[in-house]
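The values are calculated or read from the model by the stated rules, or taken from the named source; none is laboratory data. Quantities reported herein were computed from a predicted structural model and do not represent experimental measurements. For neighbour counting, all protein chains shown are included, and Cβ atoms are generated from backbone atoms with ideal geometry for every residue, glycine included. Surface accessibility is based on the protein's heavy atoms, side chains included, excluding ligands, DNA and RNA. Shrake-Rupley method; radii C 1.70, N 1.55, O 1.52, S 1.80 Å.
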Amino acid sequence: MTSLIKGNASASAGNGDAAPLINEVVGVPGGIGEPARLARAAAYDDFLRGLLPEREGVALLAVGGLGRRQCAPYGDLDLVLLHAGVPGMDELAASVWYPIWDAGLRLDHSVRTVAEALSVAQDDVKVALGLLDARLVAGDRALADALIRTAADHWRRTAVRQMPGLREVTAARWQAHGELAFLLEGDLKEAAGGLRDVGLLRAISAAGITDALRPAVRAAHLRLLDTRDALHQQVGRRVDRLVAQERDGVARLLGQEDSDALMRRVAGDARTVSHALDDAFRAADRLRSGRSRGAGGRPPRRPVARDVVEHDGELVLARTAIGARPDPSLSLRIAAAAAATRLPIARATCEWLAAYCPPLPAPWPPEARAALTTLLGAGAGLVPAWETCDRYGLVDGWLPEWTRLRSLPQHNPVHRYTLDRHLVQTAHEASRHAREVDRPDLLLLGALLHDIGKGLPGDHSTVGVPLAEAVATRIGLPAAEAELIGTLVRLHLLLPDVATRRDLSDPVTIASVAEAVGDTGTLDLLHALVLADAAATGPAAWSDWKGRLVAELVARVRTALDTGVLPEPPAPDPALLAGPLPVVHLTGDRVAVAAADRRGLLATVAGCLALHRLEVISADASAVDGRALVECRVQPRYGLPPDPVPLRADLRRAVGGDVSVTQRLRGRALAARGAGAAPRVVWHREAATDAVLLELRAADAAGLLYRVTCALDEAGALVRAARISTLGADVVDAFYLVGGWPDDATRARLEAAVLAAV
């Protein structure tokens, strides 16, 4: 039995040792742990038995969680009303189902004969799996036994043939829900490695294909059930997705130290389940292929790489490799072969490597370093090969630092993976850019190590430098290349941070990046690493606009590094300098306005865009020939672009000084204010040619740019540019204030005005 909360299986939040009734009509108890689940099943059984009158040829069967006696606090009831063709079943079914609904319980139900149930199971593998859990609750035992026995026998006879279809359905579910072991907000039931997969293992074991429910899997299953119990108890309703805001409460209910400890436990259990299912599916494949070859057929052994052969769809060691003294690089070489061929490594081979492969010396031999590069650059084959090796402890032998990184949650909402999976995924994404850089091997290693400092005190980009350099030295890179790996770690956020928070037309911006990067080779490596890191982080970390900004920054810095000349700022749009005022241009994601030269134009434009639910990504303001020019890049706040006709009309009226539009803007902006994290202002003295930089870090909100630019304008500051960077629920907004470095009193006054506006 799994460990229970504070030693008591029925403990619940705020109730000490007493398990509350989660359904007063039925009398179903709450609580967490196997005894609590059994108690809920017994309560449901008692309730349901009272609903079915004694009648020959009728039986009520439980499937799903109730059939297994693994009822979650707020789970569904899955019931089959089985009959032998007796009349009046519609009325009888209604007399059973309606009291269940009246009790407020969720119900999945069906009414079938034995023949009908078996026919549906033959056509639908999910129904066939469900019948394996069928259990009599009330009624005709002989009838129920006939279905249960026949369904189990049919599954044993047809399971191997049904495996391809089952794998296809399972792969679609995994694609939709991801991998529980690596997700920060995974679905405990549907994600790969979750409770649904344990059901598959149970079905494969029932078919006699392999012993898929080993003790480690059973223990992981019980802990996942406990976690779902605690999640239901914490939220007070049925929910299977372990979202961030509930993790602390679930961790307390389970007696875990904190939410990170909970996430590590869930990840470990999900990995155990996933690995067992991979093994079980491969066993089914071998059984099916063996039957197709016939009784006397033997699978051939095909050489794949040095000391590695393919045997029956898996990679195993050549006999000569097992008989000789093992090479320390052997585990890396077979991992590289597995990634390159996308074939799994046999379990017995992994166990042999874990037991007998000697540790790698320091520095590594060249063949080990080459194998690591092949492994990291293998593309789609990297992740499964790495995960298999990590399962058997081989990765810890290569990189002792991996123990700390494994299953480490990342608390930034833009991340979708745990840290270890993020690093491996980044290396996978980096392989797509290997031909764009001079040293693809350093790109791959830098991708694997770029966040190695996370989880330690301090800025991970700084803390990770000596750690990454130590790894690079240990694997045998010369000092200059190890230092370059450290540079990639230290600067891996430089390009996206500068591109989204600084004015790329300002020569100071380009000069500072060029000085930090040093040469075009490092610039290319950093650019490829940024693209890989963003792709591995999640969709919220990247956008087409951010990609264009980074590419523009890289192009300008490359020009500076190649020629030593800083690129000239772009000239104003000629269309804004001609024609009667005001001028309004809407083109794609660009909004450009020209009006009579006056203060506050940027604030007015920003407010009008906020009124039309547009987020401003960047904004530039200038004055040319007596005209005030404002150019903004925008994106819809809620995904749908606004109607350009009223937007253009409102912009014309607003920049022309229409007071009614201004009043509307102010009223809407005030209504948009809400609670958020405590804001902070940071000043940068030498970040621009002709301005100082005020950086605002605050919670995101509609109309924030309008409120802040209004406050700065009213405080006497002239804003020539603004850059908006959104990081999940937070923003880092940079405002270029024209003029020299303000004195202490002026800075304090401007800072107070900005914070008051937020």
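If packing is taken as the mean number of other Cβ atoms within 10 Å per residue, what is the order of 345-357, 161-173, highest first? Spell out each step's value before the answer.
On the way: 345-357: 17.6, 161-173: 14.5.
Ranked by mean Cβ neighbours within 10 Å, highest first: 345-357, 161-173.
The local environment of Val731, defined by Cβ-Cβ distances under 13 Å, has a net charge of +1 under the rule Lys, Arg +1 and Asp, Glu -1.
Highest mean packing first, where packing is the average number of other Cβ atoms within 10 Å per residue, the peptides 386-397, 123-134 line up as 386-397, 123-134. Protein heavy-atom accessible surface, 1.4 Å probe, per residue over the stretch 299-391: 44 Å².
DSSP assigns beta bridges within the stretch 50-168; of those with both partners inside it, close to 60 percent run antiparallel. Charge dipole (Cα centre; +1 on Lys/Arg Cβ, -1 on Asp/Glu Cβ; no other charges) of the chain amounts to roughly 1360 debye.
I want the local charge near Arg697. Using Cβ-Cβ distances under 14 Å, sum +1 for each Lys or Arg and -1 for each Asp or Glu among the other residues. Write down the numbers at each step before the final one.
Working: positive: Arg501, Arg680, Arg723; negative: Asp497, Glu695, Asp700, Asp730, Asp733, Glu751.
Combined, the nearby Lys, Arg, Asp and Glu give -3.
Want the number for Arg106 to Arg680: 0.36 nm per residue separation, take away the alpha-carbon distance, what's left? Show your work: numbers first, answer last.
Numbers: separation 574, 0.36 × 574 = 206.64 nm, distance 4.78 nm.
Stretched fully, the Arg106-Arg680 segment lengthens by 201.9 nm.
Compute, for the stretch 331-395, the length of the dipole vector about the Cα centre, with Cβ point charges of +1 (Lys, Arg) and -1 (Asp, Glu) only. Units Debye, rounded to 20. Please report the intermediate quantities before stating the final value.
Values: 5 positive and 4 negative charges, 18 e Å.
Here the stretch 331-395 has a charge dipole of around 80 debye.
Fully extending the segment from Asp597 to Thr462 would add 44.1 nm, taking 0.36 nm per residue of separation and subtracting the current Cα-Cα distance. Shape class of the stretch 495-636 from the alpha-carbon gyration tensor: oblate, with a/c at 1.5 or above and b/c at least as large as a/b.
Counting only DSSP H runs of at least 4 residues, each contributing -39500 (n - 2.57), and dividing by the residue count of the chain, the helix-based mean residue ellipticity at 222 nm comes to -16500 deg cm²/dmol.
So, with +1 on the Cβ of K and R and -1 on the Cβ of D and E, and no other charges, what is the size of the charge dipole of the stretch 222-333 about its Cα centre, to the nearest 20 debye?
In debye, rounded to 20, the stretch 222-333 gives about 660.
The Cα center of the stretch 306-343 and the Cα center of the stretch 164-217 differ in position by 28 Å. Accessible surface for the stretch 23-74, divided over its residues, is 37 Å² per residue with a 1.4 Å probe. Peptides 594-607, 707-720 ranked from most to least packed, by the mean per-residue count of other Cβ atoms within 10 Å: 594-607, 707-720.
A simple spin-label model places the labels of Trp545 and Gln175 3.1 nm from each other, with each point 7 Å out along Cα-to-Cβ.
Relative contact order, whole percent, for the chain stands at 7, derived from Cα pairs under 8 Å and 6 or more residues apart.
Electrostatic bookkeeping for Leu647 treats Lys and Arg as +1 and Asp and Glu as -1; over the other residues with beta carbon under 12 Å from its beta carbon, the sum is +2.
Taking the stretch 219-320 on its own, what percent of its Cα-Cα pair distances exceed 18 Å? Mind showing how you got there, number by number?
Details: 3230 of 5151 pairs.
Roughly 63 percent, once rounded to a whole number.
Rounded to the nearest 0.05, the FRET efficiency derived from the C-beta distance between Arg342 and Asp124 at R0 = 35 Å is 0.70. A simple spin-label model places the labels of Glu483 and Asp46 7.7 nm from each other, with each point 7 Å out along Cα-to-Cβ. Only one residue of Pro580, Ile617, Leu640 has its Cα farthest out toward the positive end of the dipole of the stretch 566-646, where Lys and Arg carry +1 and Asp and Glu -1 on Cβ, and that residue is Leu640.
From the square roots a ≥ b ≥ c of the eigenvalues of the alpha-carbon gyration tensor of the stretch 535-615, which class results: rounded (a/c under 1.5), prolate (a/b over b/c), or oblate? Verdict is oblate for the stretch 535-615. Taking +1 at the Cβ of each Lys and Arg and -1 at the Cβ of each Asp and Glu, which of Leu456, His527, Ala339 sits farthest along the dipole of the chain towards its positive end, judged by Cα position relative to the Cα centre? So the residue furthest toward the plus end is Ala339.
Reported to the nearest whole Å, the Cα centre-to-centre distance from the stretch 89-142 to the stretch 469-516 is 63.
Can you tally the lysine pairs in the chain where the Cα-Cα distance is under 30 Å and the two residues are eight or more apart, or on different chains? Can you show the working numbers first?
Values: Lys6/Lys189; Lys126/Lys189; Lys189/Lys454; Lys454/Lys546.
Pairs that pass both the separation and distance tests number 4.
Overall size of the stretch 119-171 from C-alpha positions, given as principal axis extents largest first: 38, 19, 15 Å.
Each part gets one Cα centre, and for the stretch 675-728 versus the stretch 370-436 those centres are 37 Å apart. Carbon-plus-sulfur accessible fraction, the chain (probe radius 1.4 Å, protein heavy atoms only): 53%.
Kindly identify the stretch 309-390 as rounded, prolate or oblate by the Cα gyration tensor criterion: order the square roots of the eigenvalues as a ≥ b ≥ c, call it rounded if a/c is under 1.5, otherwise compare a/b with b/c, prolate if a/b is larger, else oblate.
Judged from the Cα gyration tensor, the stretch 309-390 comes out oblate (a/c at least 1.5, b/c at or above a/b).
Charges on Cβ only, +1 for Lys and Arg, -1 for Asp and Glu, centred on the Cα centroid of the chain; of Trp386, Ala348, Ala722, which one is farthest towards the dipole's positive end? Of Trp386, Ala348, Ala722, it is Ala348.
What accessible area per residue comes out for the stretch 514-604, rounded to a whole number of Å², with a 1.4 Å probe? If you can, show how the numbers build up before the last one.
Working: 4000 Å² over 91 residues.
On a per-residue basis, 44 Å².
What FRET efficiency comes out for the pair Val565/Arg302, r = Cβ-Cβ distance, R0 = 60 Å, nearest 0.05? For R0 = 60 Å, the calculated efficiency reads 0.55. Using the empirical formula 2.2 N^0.38 Å as the baseline, the Cα radius of gyration of the stretch 372-426 reaches a ratio of 1.14. For the pair Arg238 and Asp438 in one chain, pulling the backbone fully straight at 0.36 nm per residue adds 66.7 nm over the alpha carbon distance. Just so you know, the Rg over Rh for the stretch 408-529 is 0.96, from Cα atoms, with Rh as the Kirkwood radius.
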